[in-house]
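Here's the structure, in C-alpha coordinates; my notes come after.
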Amino acid sequence: MIKHFIPLLLALACLAGCSLGSEKSVPQVATSLSFPSMNKSYQPIANLPDYQWWHQFHDKELNQLVESGLHHNPDLHIALANLEKAQGELKQIKLGWIPLLNLYGGYSTNPALGVPGGFYGAWPYYAINIMQTYTQQKQAQFNVSYHQAMVEGARLLLIGQISSAYFTLLAEKEQLRLLQQLETDVKKLIDLSRRDIKIGLNNTIDLDQLIVTEKLIAAQTKPIEHNIVVSQNALRYLVNLNPGKIHSLKSFNHIDFSQFKPGSLPASVLANRPDLKMAASAVKRAHTGIAVAYSEFFPNLQLDDFIGEAHLPDSTFEQATDAYLNPSLNPKTFGVISTNKSAYKASVAEYIKTVRRILQEVDNDFSANKRANEQYLANIKAEQSYQHKYELQKGLLKTGLISYKDLLDSKIYLDNLALSSNQAKLQLAMSLVTLYQDLAGGYAAQQEK
(Lines give C-alpha, C1' and ligand atoms only; values in the text may rest on other atoms or scores of the structure.)
Protein backbone atom coordinates (compact mmCIF):
# COMPACT_ATOMS: atom_id res chain seq x y z
CA MET A 1 0.00 0.00 0.00
CA ILE A 2 2.72 2.44 0.88
CA LYS A 3 4.05 2.56 -2.64
CA HIS A 4 0.76 4.20 -3.62
CA PHE A 5 1.41 6.97 -1.09
CA ILE A 6 4.90 7.85 -2.35
CA PRO A 7 3.72 9.74 -5.50
CA LEU A 8 1.14 11.54 -3.34
CA LEU A 9 3.82 12.58 -0.83
CA LEU A 10 6.05 13.82 -3.62
CA ALA A 11 3.20 15.79 -5.17
CA LEU A 12 2.32 17.36 -1.83
CA ALA A 13 5.96 18.29 -1.23
CA CYS A 14 6.23 19.88 -4.65
CA LEU A 15 2.94 21.74 -4.20
CA ALA A 16 3.96 23.03 -0.79
CA GLY A 17 7.46 23.98 -1.87
CA CYS A 18 6.88 25.46 -5.32
CA SER A 19 6.51 28.97 -3.91
CA LEU A 20 9.36 28.70 -1.40
CA GLY A 21 11.64 31.69 -1.54
CA SER A 22 9.96 32.92 -4.72
CA GLU A 23 10.26 36.52 -5.84
CA LYS A 24 6.86 37.11 -4.26
CA SER A 25 8.43 36.55 -0.85
CA VAL A 26 10.67 39.59 -1.47
CA PRO A 27 8.78 42.87 -0.99
CA GLN A 28 8.48 45.33 -3.86
CA VAL A 29 9.83 48.73 -2.85
CA ALA A 30 8.87 51.75 -4.94
CA THR A 31 11.83 53.74 -6.27
CA SER A 32 12.19 56.87 -8.39
CA LEU A 33 13.25 56.71 -12.03
CA SER A 34 16.50 58.57 -11.33
CA PHE A 35 18.55 59.97 -8.48
CA PRO A 36 17.66 63.59 -7.64
CA SER A 37 21.31 64.62 -7.34
CA MET A 38 22.44 62.99 -10.61
CA ASN A 39 22.46 65.61 -13.37
CA LYS A 40 22.96 65.16 -17.09
CA SER A 41 26.75 65.30 -16.82
CA TYR A 42 26.73 61.86 -15.18
CA GLN A 43 26.46 59.27 -17.92
CA PRO A 44 25.14 55.79 -17.06
CA ILE A 45 27.67 53.00 -17.59
CA ALA A 46 26.45 49.63 -18.85
CA ASN A 47 27.43 46.54 -16.83
CA LEU A 48 29.03 48.48 -14.00
CA PRO A 49 29.90 45.30 -12.02
CA ASP A 50 32.11 44.20 -14.96
CA TYR A 51 33.67 47.63 -15.45
CA GLN A 52 37.30 47.91 -14.27
CA TRP A 53 37.01 51.64 -13.58
CA TRP A 54 40.43 51.90 -11.87
CA HIS A 55 42.10 51.14 -15.22
CA GLN A 56 41.04 54.61 -16.42
CA PHE A 57 43.91 56.15 -14.45
CA HIS A 58 46.52 54.19 -16.46
CA ASP A 59 48.53 53.39 -13.34
CA LYS A 60 50.24 50.00 -13.38
CA GLU A 61 50.92 50.12 -9.64
CA LEU A 62 47.24 50.68 -8.81
CA ASN A 63 46.18 47.91 -11.22
CA GLN A 64 48.66 45.49 -9.68
CA LEU A 65 47.56 46.35 -6.15
CA VAL A 66 43.91 45.71 -6.98
CA GLU A 67 44.71 42.42 -8.72
CA SER A 68 46.95 41.32 -5.85
CA GLY A 69 44.27 42.21 -3.32
CA LEU A 70 41.63 40.21 -5.20
CA HIS A 71 43.95 37.20 -5.08
CA HIS A 72 45.43 37.45 -1.60
CA ASN A 73 43.26 39.56 0.72
CA PRO A 74 42.39 37.57 3.91
CA ASP A 75 38.85 38.96 4.18
CA LEU A 76 38.11 37.73 0.69
CA HIS A 77 39.53 34.30 1.57
CA ILE A 78 37.26 34.22 4.63
CA ALA A 79 34.23 35.04 2.47
CA LEU A 80 35.21 32.33 -0.03
CA ALA A 81 35.65 29.80 2.79
CA ASN A 82 32.18 30.64 4.12
CA LEU A 83 30.81 30.15 0.62
CA GLU A 84 32.45 26.73 0.40
CA LYS A 85 30.94 25.88 3.78
CA ALA A 86 27.46 26.85 2.53
CA GLN A 87 27.99 24.77 -0.61
CA GLY A 88 29.06 21.83 1.55
CA GLU A 89 25.89 22.13 3.63
CA LEU A 90 23.81 22.12 0.45
CA LYS A 91 25.67 19.04 -0.79
CA GLN A 92 25.08 17.32 2.55
CA ILE A 93 21.32 17.86 2.24
CA LYS A 94 21.26 16.68 -1.38
CA LEU A 95 23.04 13.47 -0.38
CA GLY A 96 20.24 12.91 2.14
CA TRP A 97 18.04 11.76 -0.75
CA ILE A 98 20.27 8.69 -1.23
CA PRO A 99 19.36 5.54 0.78
CA LEU A 100 21.78 4.03 3.26
CA LEU A 101 23.26 0.59 2.70
CA ASN A 102 24.21 -1.33 5.85
CA LEU A 103 26.20 -4.56 5.59
CA TYR A 104 25.85 -7.20 8.34
CA GLY A 105 27.62 -10.39 9.24
CA GLY A 106 27.70 -12.35 12.52
CA TYR A 107 25.87 -14.79 14.78
CA SER A 108 22.52 -14.35 16.54
CA THR A 109 20.00 -16.52 18.43
CA ASN A 110 17.55 -13.64 18.85
CA PRO A 111 13.99 -15.09 18.49
CA ALA A 112 12.79 -11.82 17.06
CA LEU A 113 15.08 -12.43 14.14
CA GLY A 114 14.02 -16.07 13.74
CA VAL A 115 17.11 -17.48 15.45
CA PRO A 116 19.24 -17.05 12.33
CA GLY A 117 22.44 -18.38 13.87
CA GLY A 118 25.34 -17.33 11.63
CA PHE A 119 24.22 -14.89 8.95
CA TYR A 120 25.39 -12.21 6.55
CA GLY A 121 23.54 -9.83 4.29
CA ALA A 122 22.78 -6.27 3.16
CA TRP A 123 20.18 -3.95 4.64
CA PRO A 124 19.21 -1.03 2.34
CA TYR A 125 17.57 1.56 4.56
CA TYR A 126 15.68 4.66 3.54
CA ALA A 127 14.10 7.00 6.09
CA ILE A 128 13.16 10.50 4.96
CA ASN A 129 10.77 13.36 5.52
CA ILE A 130 10.31 14.34 1.88
CA MET A 131 8.85 17.75 2.61
CA GLN A 132 11.52 18.57 5.18
CA THR A 133 14.41 17.49 2.97
CA TYR A 134 13.00 19.40 0.01
CA THR A 135 12.51 22.63 1.98
CA GLN A 136 15.88 22.34 3.70
CA GLN A 137 17.52 21.96 0.28
CA LYS A 138 15.79 25.10 -0.97
CA GLN A 139 16.86 26.96 2.16
CA ALA A 140 20.46 25.81 1.71
CA GLN A 141 20.39 27.00 -1.91
CA PHE A 142 19.37 30.48 -0.77
CA ASN A 143 22.11 30.34 1.84
CA VAL A 144 24.63 29.63 -0.93
CA SER A 145 23.28 32.63 -2.87
CA TYR A 146 23.67 34.74 0.26
CA HIS A 147 27.34 33.83 0.62
CA GLN A 148 27.99 34.24 -3.10
CA ALA A 149 26.76 37.82 -2.77
CA MET A 150 28.92 38.21 0.34
CA VAL A 151 31.98 37.32 -1.75
CA GLU A 152 30.95 39.91 -4.33
CA GLY A 153 30.53 42.46 -1.54
CA ALA A 154 33.99 41.68 -0.19
CA ARG A 155 35.49 42.22 -3.65
CA LEU A 156 33.62 45.51 -4.08
CA LEU A 157 34.75 46.81 -0.69
CA LEU A 158 38.33 45.73 -1.29
CA ILE A 159 38.57 47.57 -4.62
CA GLY A 160 37.32 50.74 -2.96
CA GLN A 161 39.68 50.40 0.02
CA ILE A 162 42.75 49.85 -2.15
CA SER A 163 41.90 52.73 -4.48
CA SER A 164 41.21 55.10 -1.58
CA ALA A 165 44.42 54.19 0.22
CA TYR A 166 46.46 54.51 -2.98
CA PHE A 167 45.12 57.94 -3.93
CA THR A 168 45.53 59.10 -0.35
CA LEU A 169 49.16 57.99 -0.47
CA LEU A 170 49.79 59.94 -3.68
CA ALA A 171 48.03 63.01 -2.29
CA GLU A 172 50.00 62.91 0.95
CA LYS A 173 53.27 62.67 -0.96
CA GLU A 174 52.25 65.68 -3.06
CA GLN A 175 51.18 67.54 0.07
CA LEU A 176 54.57 66.87 1.64
CA ARG A 177 56.35 68.14 -1.49
CA LEU A 178 54.25 71.31 -1.54
CA LEU A 179 54.88 71.95 2.16
CA GLN A 180 58.61 71.54 1.65
CA GLN A 181 58.43 74.01 -1.22
CA LEU A 182 56.51 76.43 0.99
CA GLU A 183 59.05 76.00 3.77
CA THR A 184 61.89 76.71 1.33
CA ASP A 185 60.21 79.92 0.15
CA VAL A 186 59.52 81.09 3.69
CA LYS A 187 63.16 80.49 4.63
CA LYS A 188 64.23 82.63 1.66
CA LEU A 189 61.94 85.38 2.90
CA ILE A 190 63.39 85.04 6.41
CA ASP A 191 66.91 85.45 5.03
CA LEU A 192 65.88 88.57 3.12
CA SER A 193 64.18 89.97 6.22
CA ARG A 194 67.31 89.45 8.29
CA ARG A 195 69.34 91.34 5.69
CA ASP A 196 66.82 94.18 5.71
CA ILE A 197 67.02 94.34 9.53
CA LYS A 198 70.79 94.70 9.38
CA ILE A 199 70.48 97.72 7.12
CA GLY A 200 67.50 99.13 9.00
CA LEU A 201 64.83 98.48 6.35
CA ASN A 202 62.73 96.08 8.45
CA ASN A 203 61.85 95.35 12.07
CA THR A 204 62.09 92.16 14.11
CA ILE A 205 58.31 91.88 14.52
CA ASP A 206 57.83 90.81 10.91
CA LEU A 207 60.79 88.47 11.20
CA ASP A 208 59.40 86.81 14.31
CA GLN A 209 56.12 86.23 12.52
CA LEU A 210 57.93 84.59 9.61
CA ILE A 211 59.90 82.34 11.97
CA VAL A 212 56.66 81.23 13.64
CA THR A 213 55.21 80.48 10.20
CA GLU A 214 58.28 78.42 9.31
CA LYS A 215 58.00 76.37 12.51
CA LEU A 216 54.29 75.76 11.91
CA ILE A 217 55.02 74.54 8.39
CA ALA A 218 57.71 72.21 9.71
CA ALA A 219 55.23 70.91 12.29
CA GLN A 220 52.66 70.17 9.57
CA THR A 221 55.06 67.86 7.78
CA LYS A 222 55.23 65.43 10.71
CA PRO A 223 51.62 64.13 10.57
CA ILE A 224 51.86 63.96 6.79
CA GLU A 225 54.97 61.79 7.01
CA HIS A 226 53.07 59.58 9.44
CA ASN A 227 50.03 59.45 7.13
CA ILE A 228 52.29 58.31 4.28
CA VAL A 229 53.48 55.39 6.40
CA VAL A 230 49.90 54.59 7.42
CA SER A 231 48.70 54.61 3.78
CA GLN A 232 51.57 52.39 2.66
CA ASN A 233 50.95 49.91 5.46
CA ALA A 234 47.21 49.95 4.74
CA LEU A 235 47.85 49.04 1.11
CA ARG A 236 50.26 46.26 2.01
CA TYR A 237 47.79 44.94 4.61
CA LEU A 238 45.02 44.86 2.02
CA VAL A 239 47.18 42.73 -0.30
CA ASN A 240 48.26 40.50 2.61
CA LEU A 241 51.84 41.77 2.97
CA ASN A 242 53.87 42.96 5.94
CA PRO A 243 54.43 46.72 6.46
CA GLY A 244 56.82 48.35 4.01
CA LYS A 245 57.19 50.79 1.13
CA ILE A 246 54.88 51.26 -1.83
CA HIS A 247 56.71 52.50 -4.91
CA SER A 248 54.74 54.45 -7.48
CA LEU A 249 55.97 56.58 -10.36
CA LYS A 250 52.58 58.22 -10.76
CA SER A 251 52.21 61.82 -9.58
CA PHE A 252 48.96 62.87 -7.94
CA ASN A 253 49.32 66.17 -9.74
CA HIS A 254 48.98 64.42 -13.12
CA ILE A 255 45.64 62.69 -12.43
CA ASP A 256 42.48 64.51 -13.51
CA PHE A 257 39.59 63.16 -11.44
CA SER A 258 37.13 65.79 -12.66
CA GLN A 259 36.73 64.14 -16.08
CA PHE A 260 35.06 60.99 -14.68
CA LYS A 261 31.28 61.20 -14.23
CA PRO A 262 29.86 57.67 -13.77
CA GLY A 263 26.11 57.33 -13.48
CA SER A 264 23.41 54.70 -13.10
CA LEU A 265 19.67 54.46 -12.53
CA PRO A 266 18.20 53.34 -9.18
CA ALA A 267 16.83 50.09 -10.61
CA SER A 268 20.26 49.17 -12.02
CA VAL A 269 22.06 50.05 -8.80
CA LEU A 270 19.67 47.93 -6.74
CA ALA A 271 20.03 45.02 -9.15
CA ASN A 272 23.83 45.20 -8.98
CA ARG A 273 24.50 45.85 -5.30
CA PRO A 274 25.81 42.74 -3.47
CA ASP A 275 24.39 43.86 -0.11
CA LEU A 276 20.88 43.96 -1.57
CA LYS A 277 21.43 40.53 -3.14
CA MET A 278 22.37 39.32 0.34
CA ALA A 279 19.25 40.91 1.83
CA ALA A 280 17.04 39.33 -0.86
CA SER A 281 18.59 35.90 -0.30
CA ALA A 282 18.11 36.33 3.44
CA VAL A 283 14.40 37.04 2.86
CA LYS A 284 14.02 33.94 0.68
CA ARG A 285 15.98 31.86 3.17
CA ALA A 286 13.79 33.04 6.05
CA HIS A 287 10.61 32.50 4.04
CA THR A 288 11.70 28.93 3.30
CA GLY A 289 12.42 28.48 7.00
CA ILE A 290 8.69 28.74 7.67
CA ALA A 291 8.06 25.79 5.35
CA VAL A 292 10.90 23.87 7.00
CA ALA A 293 9.10 24.31 10.32
CA TYR A 294 5.76 23.20 8.86
CA SER A 295 7.45 20.14 7.37
CA GLU A 296 7.69 18.69 10.90
CA PHE A 297 4.00 17.77 10.46
CA PHE A 298 4.77 15.92 7.24
CA PRO A 299 5.01 12.14 7.82
CA ASN A 300 8.36 10.41 7.75
CA LEU A 301 8.70 7.66 5.19
CA GLN A 302 10.76 4.58 6.09
CA LEU A 303 11.63 1.80 3.68
CA ASP A 304 14.08 -1.02 4.41
CA ASP A 305 14.83 -4.46 3.05
CA PHE A 306 17.15 -7.13 4.47
CA ILE A 307 18.67 -9.50 1.94
CA GLY A 308 21.08 -12.19 3.08
CA GLU A 309 21.74 -15.79 4.13
CA ALA A 310 21.28 -17.51 7.51
CA HIS A 311 23.02 -20.76 8.55
CA LEU A 312 20.89 -22.45 11.26
CA PRO A 313 19.74 -25.09 10.99
CA ASP A 314 20.41 -24.98 7.26
CA SER A 315 21.68 -22.28 4.96
CA THR A 316 18.67 -20.40 3.65
CA PHE A 317 18.10 -17.22 1.66
CA GLU A 318 16.36 -14.58 3.78
CA GLN A 319 14.56 -11.40 2.84
CA ALA A 320 12.54 -9.06 5.06
CA THR A 321 10.85 -5.87 3.88
CA ASP A 322 9.45 -3.03 6.00
CA ALA A 323 7.59 0.12 4.97
CA TYR A 324 6.24 2.75 7.33
CA LEU A 325 4.63 6.16 7.39
CA ASN A 326 5.36 7.85 10.71
CA PRO A 327 3.27 11.01 11.17
CA SER A 328 3.85 12.95 14.38
CA LEU A 329 2.50 16.04 16.09
CA ASN A 330 5.01 17.82 18.29
CA PRO A 331 3.47 20.87 20.06
CA LYS A 332 6.78 22.74 20.16
CA THR A 333 6.70 22.88 16.34
CA PHE A 334 4.08 25.62 16.62
CA GLY A 335 6.65 27.68 18.52
CA VAL A 336 9.25 27.04 15.82
CA ILE A 337 6.76 28.18 13.16
CA SER A 338 6.05 31.38 15.09
CA THR A 339 9.78 32.03 15.51
CA ASN A 340 10.49 31.52 11.81
CA LYS A 341 7.61 33.79 10.81
CA SER A 342 9.06 36.51 13.01
CA ALA A 343 12.49 35.96 11.46
CA TYR A 344 10.93 36.35 8.02
CA LYS A 345 9.28 39.64 9.04
CA ALA A 346 12.61 40.89 10.37
CA SER A 347 14.40 39.96 7.13
CA VAL A 348 11.73 41.77 5.10
CA ALA A 349 12.20 44.90 7.22
CA GLU A 350 15.97 44.60 6.82
CA TYR A 351 15.56 44.28 3.05
CA ILE A 352 13.45 47.45 2.86
CA LYS A 353 15.96 49.23 5.11
CA THR A 354 18.80 48.13 2.80
CA VAL A 355 16.98 49.48 -0.27
CA ARG A 356 16.45 52.85 1.38
CA ARG A 357 20.05 52.99 2.61
CA ILE A 358 21.46 52.21 -0.85
CA LEU A 359 19.34 54.89 -2.52
CA GLN A 360 20.37 57.39 0.15
CA GLU A 361 24.06 56.52 -0.15
CA VAL A 362 24.15 56.82 -3.92
CA ASP A 363 22.24 60.11 -4.04
CA ASN A 364 24.56 61.50 -1.35
CA ASP A 365 27.52 60.29 -3.43
CA PHE A 366 26.33 62.18 -6.51
CA SER A 367 25.89 65.32 -4.44
CA ALA A 368 29.29 64.92 -2.77
CA ASN A 369 31.08 64.30 -6.07
CA LYS A 370 29.35 67.25 -7.72
CA ARG A 371 30.26 69.61 -4.86
CA ALA A 372 33.82 68.24 -4.69
CA ASN A 373 34.18 68.86 -8.43
CA GLU A 374 32.95 72.41 -8.04
CA GLN A 375 35.24 73.08 -5.09
CA TYR A 376 38.26 71.62 -6.85
CA LEU A 377 37.65 73.57 -10.07
CA ALA A 378 37.17 76.78 -8.06
CA ASN A 379 40.51 76.18 -6.34
CA ILE A 380 42.21 75.47 -9.65
CA LYS A 381 40.82 78.66 -11.22
CA ALA A 382 41.97 80.70 -8.25
CA GLU A 383 45.42 79.15 -8.43
CA GLN A 384 45.64 79.73 -12.18
CA SER A 385 44.57 83.36 -11.78
CA TYR A 386 47.17 83.99 -9.14
CA GLN A 387 49.77 82.12 -11.20
CA HIS A 388 49.09 84.64 -13.99
CA LYS A 389 49.61 87.48 -11.54
CA TYR A 390 52.83 85.87 -10.35
CA GLU A 391 54.15 85.62 -13.91
CA LEU A 392 53.40 89.30 -14.44
CA GLN A 393 55.22 90.15 -11.22
CA LYS A 394 58.30 88.35 -12.52
CA GLY A 395 58.34 90.88 -15.35
CA LEU A 396 57.93 93.74 -12.91
CA LEU A 397 60.88 92.43 -10.89
CA LYS A 398 63.10 92.56 -13.97
CA THR A 399 62.16 96.19 -14.55
CA GLY A 400 62.75 97.05 -10.92
CA LEU A 401 59.15 98.03 -10.18
CA ILE A 402 58.86 95.49 -7.33
CA SER A 403 61.35 93.87 -5.00
CA TYR A 404 62.30 90.22 -4.84
CA LYS A 405 60.75 90.18 -1.38
CA ASP A 406 57.38 91.19 -2.86
CA LEU A 407 57.72 88.41 -5.41
CA LEU A 408 58.44 85.91 -2.64
CA ASP A 409 55.30 87.03 -0.81
CA SER A 410 53.29 86.18 -3.93
CA LYS A 411 55.13 82.86 -4.31
CA ILE A 412 54.26 81.88 -0.74
CA TYR A 413 50.62 82.76 -1.34
CA LEU A 414 50.73 80.66 -4.50
CA ASP A 415 52.22 77.76 -2.51
CA ASN A 416 49.30 77.94 -0.08
CA LEU A 417 46.83 77.92 -2.96
CA ALA A 418 48.51 74.79 -4.33
CA LEU A 419 48.16 73.11 -0.92
CA SER A 420 44.44 73.96 -0.84
CA SER A 421 43.99 72.64 -4.39
CA ASN A 422 45.75 69.39 -3.46
CA GLN A 423 43.39 68.84 -0.52
CA ALA A 424 40.37 69.65 -2.69
CA LYS A 425 41.65 67.17 -5.27
CA LEU A 426 41.96 64.45 -2.64
CA GLN A 427 38.37 65.06 -1.55
CA LEU A 428 37.31 64.79 -5.18
CA ALA A 429 39.23 61.51 -5.57
CA MET A 430 37.62 60.05 -2.44
CA SER A 431 34.14 61.09 -3.59
CA LEU A 432 34.75 59.45 -6.98
CA VAL A 433 35.96 56.18 -5.43
CA THR A 434 32.96 56.13 -3.10
CA LEU A 435 30.62 56.81 -6.01
CA TYR A 436 32.04 53.93 -8.06
CA GLN A 437 31.86 51.66 -5.03
CA ASP A 438 28.25 52.51 -4.17
CA LEU A 439 27.27 52.14 -7.83
CA ALA A 440 28.65 48.57 -7.51
CA GLY A 441 31.42 49.07 -10.03
CA GLY A 442 34.05 46.47 -10.83
CA TYR A 443 33.45 43.60 -8.41
CA ALA A 444 32.49 41.13 -11.17
CA ALA A 445 35.37 42.05 -13.49
CA GLN A 446 37.57 39.15 -14.54
CA GLN A 447 40.96 39.12 -12.87
CA GLU A 448 44.05 39.40 -15.03
CA LYS A 449 45.98 36.16 -15.39
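The values are calculated or read from the model by the stated rules, or taken from the named source; none is laboratory data. Nothing here was measured: the structure is a model prediction, and the numbers come from that model. Reconstructed Cβ throughout: ideal geometry from the backbone, glycine too, with neighbour counts over all protein chains shown. What goes into the accessible areas is simple: the full protein's heavy atoms, side chains included, and nothing from ligands, DNA or RNA. Shrake-Rupley method; radii C 1.70, N 1.55, O 1.52, S 1.80 Å.
Greater than 23 Å separation of Cα atoms is the criterion. Which listed pairs, Lys277/Lys341; Lys138/Lys341; Lys24/Lys345; Lys277/Lys353; Lys381/Lys411; Lys215/Lys250, meet it? Beyond 23 Å: Lys215/Lys250. Think of a 1.4 Å ball rolled over the protein heavy atoms: the range 44-84 then has 51 Å² of accessible area per residue. Consider a paramagnetic label point 7 Å from the Cα of Phe297 along Cα→Cβ; state which residues of the range 314-355 have an amide N under 12 Å from it. 328-331, 333-335, 337-338, by backbone N distance to the label point.
When the Cα positions of Thr434, Val269, Gly69 are compared along the charge dipole of the chain, Thr434 comes out farthest toward the positive end, with charges on each C-beta of Lys, Arg, Asp and Glu.
As a fraction of the 1.4 Å probe accessible area of the range 177-246, surface on carbon and sulfur atoms comes out at 55 percent. With all protein chains kept in place, the per residue accessible area of the range 220-308 amounts to 46 square angstrom at a probe of 1.4 angstrom. Calculated mean residue ellipticity, 222 nm, the chain: -23000 deg cm²/dmol, from DSSP H runs (n ≥ 4) at -39500 (n - 2.57) each, averaged per residue and rounded to 500.
Charge dipole of the range 152-232 (Cα centre as origin; +1 on each Lys and Arg Cβ, -1 on each Asp and Glu Cβ, all else neutral): 160 debye, rounded to the nearest 20. Using only side-chain charges placed at the Cβ, +1 for Lys and Arg and -1 for Asp and Glu, the dipole size of the range 79-206 relative to its Cα centre rounds to 120 debye. Once the chain from Ser342 to His77 is taken as fully extended at 0.36 nm per residue, the excess over their C-alpha distance is 92.1 nm.
Label-to-label distance, Gln319 versus Lys250, with points set 7 angstrom from Cα along the beta-carbon direction: 7.4 nm. Between Leu33 and Ser367, the FRET efficiency estimated from the beta carbon spacing at R0 = 22 angstrom works out to 0.80.
For the chain, hydrophobic long helices are taken as DSSP H runs at least 15 Å long by C-alpha position along their axis with mean Kyte-Doolittle hydropathy of 0.0 or more; these are 2-17, 204-238, 274-294.
A straight chain from Trp97 to Lys332 at 0.36 nm per residue would run longer than the Cα-Cα distance by 82.0 nm.
The residue among Ser338, Phe306, Asn364 whose Cα reaches farthest toward the positive pole of the charge dipole of the range 296-370, with charges on the beta-carbon of Lys, Arg, Asp and Glu, is Asn364.
Taking 7 Å steps out from each Cα toward its Cβ at Ala349 and Asp305 produces label points 5.3 nm apart. Given +1 at the Cβ of Lys and Arg, -1 at the Cβ of Asp and Glu and no other charges, the dipole of the range 259-335 around its Cα centre is 1340 debye to the nearest 20. Across the options Gly117, Gly106, Ile78, the greatest Cα extent toward the positive end of the charge dipole of the range 65-141 (unit charges at beta carbon of Lys, Arg, Asp, Glu) belongs to Gly117. For the chain, list log₁₀ I(q)/I(0) at each q in 0.09, 0.11, 0.14 Å⁻¹, using the Debye formula over Cα point scatterers of equal strength and ignoring solvent, two decimals each. So the normalised log intensities work out to -0.80, -0.99, -1.26.
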